1. I want the antiparallel fraction of DSSP beta bridges within the chain, as a percent rounded to 5.
2. To the nearest 10 degrees, how steep is helix 304-315 against the longest Cα principal axis of the chain, on a 0 to 90 scale?
3. Decide, for the range 92-246, between rounded, prolate and oblate: order the square roots of the alpha carbon gyration tensor eigenvalues as a ≥ b ≥ c, take rounded if a/c falls under 1.5, and otherwise choose prolate if a/b is larger than b/c, else oblate.
4. I'd like the distance between the alpha-carbon centres of the range 258-284 and the range 304-338, rounded to an integer number of Å.
5. Against the longest principal axis of the chain, how steep is helix 23-40, in degrees 0 to 90 to the nearest 10, with axes from Cα atoms?
6. Could you tell me the center-to-center distance, by alpha carbons, between the range 1-69 and the range 156-206 in angstrom?
7. Two-decimal Rg/Rh of the range 224-375 from alpha-carbon positions, Kirkwood Rh?
8. May I ask you to derive the relative contact order of the chain, considering only C-alpha pairs under 8 Å and at least 6 residues apart, and to give it as an integer percent?
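Every number in this text was worked out from the coordinates using simple rules, so none of it is lab data. Predicted, not measured: the structure shown is a model, and the values here were computed from it.
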Ligand code: COA
């Protein structure tokens with residue numbers, strides 16, 4: 001007898017690039033760039049025609065963000081003061097693209113952990129804050145590499161891409177259009193970061209995550225019930241990336257830098273914290289969940305200060321590392337993958353019946369909540 005489809009999270013997967021850049025390495029490279037730049041423009045600076053660039057500092061970065069290191073796909077060119085951008089060998093159309101390659105690695109792990117054969121997956125959503133090309137969709141390339149018979153498409157809601165992907169997958173399952181959906185988030189954020197911008201050069205890191213969302217009827221015994229999802233967007237220019245196909249300035253050309261990630265960090269902090277905390281509390285109440293009773297919050301990993309404040313407003317007290325785990329220190333901000341990394345690494349210890357929250361927030365503004373209960 002078939003029952004009404006009910007979406008659950010069957011498993012997650014994670015791919016972490018081997019290369020690590022510590023704050024010390026990052027700041028040494030940045031400061032060499034600053035010295036060389038100021039030397040090269042010494043006359044203009046002395047004449048008062050140009051402001052000298054200011055050095056960065058490890059202390060500032062750790063205090064302002066909580067980030068100590070980040071993984072990247074290409075360390076050497078990022079740290080080379082003459083380049084300060086990721087570089088890789090051009091790949092032919094017959095080779096897997098970079099985003100597909102790391103997405104497939106995370107997806108394979110999610111499939112293995114659920115004991116799922118790729119042939120039994122119906123759809124792949126590639127949900128990430130940047131796509132390396134418009135088409136064919138990265139999701140379709142991942143689908144092909146995994147041998148999935150179904151459909152795939154790319155979606156971008158910046159740092160909230162993964163939670164928006166989870167709700168989209170859950171809706172496909174509720175409507176009966178799919179029973180097993182992979183939400184893959186390959187975040188090569190090193191490509192959209194301006195490594196020469198002192199205000200933000202320390203923020204991002206690279207990673208890929210995957211979430212397998214399925215009908216409870218076919219899910220493994222150990223899974224996470226999705227109790228409810230909620231999405232929200234409010235337009236803001238405070239986090240913006242103008243790079244696009246109608247706007248093709250090369251990142252290193254004179255007019256290029258603003259075609260990369262830019263933000264008004266303080267405004268983001270001030271506006272996003274109350275918006276997200278309110279959204280979580282309201283959605284918990286709608287679902288009949290006491291927010292103070294949430295066992296764990298897997299929050300978007302943008303900044304320890306933001307996470308501390310949001311967790312405090314939701315839980316009603318200062319959250320411990322156990323209640324709101326952070327992966328920011330070693331991964332940096334990995335855009336939409338951040339809350340999924342936290343969930344992937346810090347959820348095995350929860351007991352059956354425990355209720356927690358996966359929550360993203362970021363550019364758009366955008367925010368997404370996914371309340372889950374552990375089933376075993
Ligand atoms: N090294 C040393 N000093 C730096 C620096 C660096 N790399 N970058 C900035 N500073 C200096 C500034 O010049 C400024 O100096 P001043 O006080 O003399 O003017 C001071 O540090 C404070 O700069 P500010 O930009 O106001 O820092 P902040 O405390 O707001 O922290 C963020 C910056 C980005 C970490 C913080 O605003 C933030 O986390 N915002 C949340 C947004 C976010 O994380 N978005 C990611 C996408 S979701």
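1. Antiparallel: roughly 75 percent of the beta bridges in the chain.
2. So the helix axis and the longest Cα principal axis differ by about 30 degrees.
3. It comes out prolate by the Cα gyration axes.
4. That distance is 14 Å.
5. 30 degrees
6. The two parts, judged by their Cα centres, are 19 Å apart.
7. Rounded to two decimals, Rg over Rh is 1.03.
8. 23 percent
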